[in-house]
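See below for the structure under consideration.
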Amino acid sequence: MSEEDVKEKIKSKGYWKIVIRPSTFVEKRILSLKECVDIIRDNKVLLRGWDYPHYDLSKNPPPGENYVEQFFCWEDYGHLEAWRYFQSGQFAHYLAVWEDWNKSFKNGGNISDSKVLHLISTIYLLTEIFEFAARLGTKGYLGDSCAIMITLHDTKERSLVAPEGFLSPNYIAAIPEIPYSVSLNVSDLMGNADDHALAAAKHIFERFNWLSFDENGFKPVQKKLRAKEW
């Protein structure tokens, strides 16, 4: 299966598109494709059972003209993704909403056939995204400032769910996609990655009609993730 085939399969259901890039374009910010490979391998985030972005240690990412990439399609476990990292320092990632694919996912004790987004899993993912960006920034691969763009697709009539009894059943998105973008000084990103992840979560959850989301109340969730107590 080609990268384009995987990407089309990802886009057939709910998916995330994540772009992390320096604010200033420099075509050869990263001098070689080998360095691109090393950067992803050495800075991927592993806080739970699956790394972000996933990096297959068994094979080198295939090179393009000015980028390297990897793609994966393990449908039964909800692991479908395709990423590409450019010499300009831009990282682009298509990632399936795992709740749409993982056959073992349960909502309230029953396997869910409806479109859902899991609250805690989303906070985990956003924390990983911003941690990955912070690691790139720490090593100087984003320059002095960067842009992070996250779009959640196929959200219309998708429900936000959590452990039974935690959320009402009325948190449902009415729009087809939810974009979020932020421009950050790299020093701010490095020192406040978790806070920026929760700001992104707040933006997304408000579009599910959860207007009372309290960022401070979920900092312990991030601490447990970082302590690998999930």
For Gly89, residues with placed amide H under 5 Å, excluding near neighbours: Ile30
For the range 3-226, what is the Kirkwood estimate of the hydrodynamic radius, computed as the reciprocal of the mean inverse distance between distinct Cα atoms, to one decimal in Å? 18.0
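So if the hydrodynamic radius of the range 1-118 is defined as the Kirkwood radius over C-alpha pairs, what does Stokes-Einstein give as its diffusion coefficient at 37 °C and 0.692 mPa s, in µm² per second?
Details: Rh = 15.4 Å.
Answer from the Stokes-Einstein relation: 213 µm²/s.
Among Cys73, Cys36, rank each residue by its count of other Cβ atoms within 10 Å, from fewest to most, as a rough exposure measure.
On the way: Cys73 16, Cys36 24.
Placing the least packed residue first, the sequence is Cys73, Cys36.
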Which GluC sites (Glu not before Pro) does the range 193-230 hold that lie in a coil by DSSP with at most 11 other beta carbons within 10 Å? Glu229
Taking θ as phi - 60°, what are the ³J(HN,Hα) couplings along the range 156-161 by the Karplus curve (6.51, -1.76, 1.60), each to the nearest whole Hz, with x for Gly and Pro? 4, 6, 8, 9, 8, 10
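Read the figures in this text as sums done on the coordinates, not as results from a lab. No experiment lies behind these values; they were computed from the predicted model shown. When we count neighbours, we look across all protein chains shown, and the Cβ atoms used for this are built from the backbone with ideal geometry, even at glycine.
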